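The values are calculated or read from the model by the stated rules, or taken from the named source; none is laboratory data. Here the structure is a predicted model, which means the values were calculated and not measured. Here the Cβ is made from the backbone with ideal geometry for all residues, glycine too, and neighbour counts use every protein chain on show. Side chains are part of the model used for accessible areas, which takes the heavy atoms of the whole protein and leaves out ligands, DNA and RNA. Shrake-Rupley method; radii C 1.70, N 1.55, O 1.52, S 1.80 Å.
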Amino acid sequence: YMSNISPQVPGFNRGIWKVLEEKVREWARSGSHLFICTGPLLGDTLKKHIGVRNAVTVPDYFFKAIIDTVGVDRGIAFIIPNRSSKSTLATFAVSIDYLEEIISRDLFPALSDETETKLEKMIDKKFLSSVD
């Protein structure tokens, strides 16, 4: 079955997406308590497919939303085009609120309303300073 895959352009997967995933692993090893949501952005404009029989859609963008709830609460999200990029991760940083608006989903529903309001509106500079 191909219901749990999202094809990525090789330059994206081996480039900017790899950089982001390596940074998230660094944050996790630093004693952070991370909650992470990752996925493709799917919409009405999807035109690229792979595979002859199954025609699996190739997303134009991928997202990753990260919150840290140990010590200083912080949050950040990224929306990155599914293509090679020489840009820094900071270029693609957005608030979790913005991402949730685009995907029409609440990514962290178990958070208290107070914590959710605080974390989801920020683009945490500590995450960014450790990224680029």
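Out of curiosity, is residue 85 under 15 Å from residue 38 (Cα atoms) and either touching a residue at least 24 places away in the same chain (Cβ under 8 Å) or polar (S, T, N, Q) (or both)?
Here the answer is no, as residue 85 does not meet what is asked.
All but one of (1) at pLDDT below 95; (2) surrounded by 12 or more Cβ atoms within 10 Å (Cβ to Cβ) hold for residue 79; state the number of the condition that does not hold.
Against the list (1) at pLDDT below 95; (2) surrounded by 12 or more Cβ atoms within 10 Å (Cβ to Cβ), residue 79 comes up short only on (1).
If you take the residues of the range 119-132 that are part of a helix (DSSP H, G or I), out of contact with any helix residue (DSSP H, G or I) (no Cβ under 8 Å at 6 or more places or on another chain) and under 14 Å from residue 68 (Cα atoms), which of them is least open to solvent (accessible area, probe 1.4 Å)?
Filtering the range 119-132 down to residues part of a helix (DSSP H, G or I) leaves 119-120, 125-129.
Now restrict to residues that are out of contact with any helix residue (DSSP H, G or I) (no Cβ under 8 Å at 6 or more places or on another chain): 125-126, 129.
Within this subset, residues satisfying the condition of being under 14 Å from residue 68 (Cα atoms) are 125-126.
Values: 125: 150, 126: 111 Å².
That would be 126.
Of the residues 116, 101, only one is open to solvent by 90 Å² or more (accessible area, probe 1.4 Å) and either touching a strand residue (DSSP E or B) at 6+ places or on another chain (Cβ under 7 Å) or not in a loop (DSSP other than H, G, I, E, B) (or both); which?
101
Is it the case that the range 63-81 has a residue that's outside any loop (DSSP other than H, G, I, E, B), of a type in the set (Phe, Trp, Tyr) and within 17 Å of residue 10 (Cα to Cα)?
Yes; the residues of the range 63-81 include at least one that is outside any loop (DSSP other than H, G, I, E, B), of a type in the set (Phe, Trp, Tyr) and within 17 Å of residue 10 (Cα to Cα).
Any residue at all in the range 46-55 that's touching a Gly at 6+ places or on another chain (Cβ under 6 Å) and either basic (Lys, Arg) or farther than 25 Å from residue 5 by Cβ (or both)?
Checked against the condition, which is being touching a Gly at 6+ places or on another chain (Cβ under 6 Å) and either basic (Lys, Arg) or farther than 25 Å from residue 5 by Cβ (or both), the range 46-55 yields no hits at all.
For the range 88-96, check the following and say yes or no: at least one residue is in contact (Cβ under 8 Å) with a residue 40 or more places away in the chain, surrounded by fewer than 19 Cβ atoms within 10 Å (Cβ to Cβ) and either touching a His at 6+ places or on another chain (Cβ under 8 Å) or assigned to a loop (DSSP other than H, G, I, E, B) (or both).
There is at least one residue in the range 88-96 that is in contact (Cβ under 8 Å) with a residue 40 or more places away in the chain, surrounded by fewer than 19 Cβ atoms within 10 Å (Cβ to Cβ) and either touching a His at 6+ places or on another chain (Cβ under 8 Å) or assigned to a loop (DSSP other than H, G, I, E, B) (or both).
For residue 88, only one of the following conditions fails: (1) in contact with a strand residue (DSSP E or B) (Cβ under 7 Å, 6 or more places away or on another chain); (2) at pLDDT 90 or above. What is its number?
Every listed condition holds for residue 88 apart from (1).
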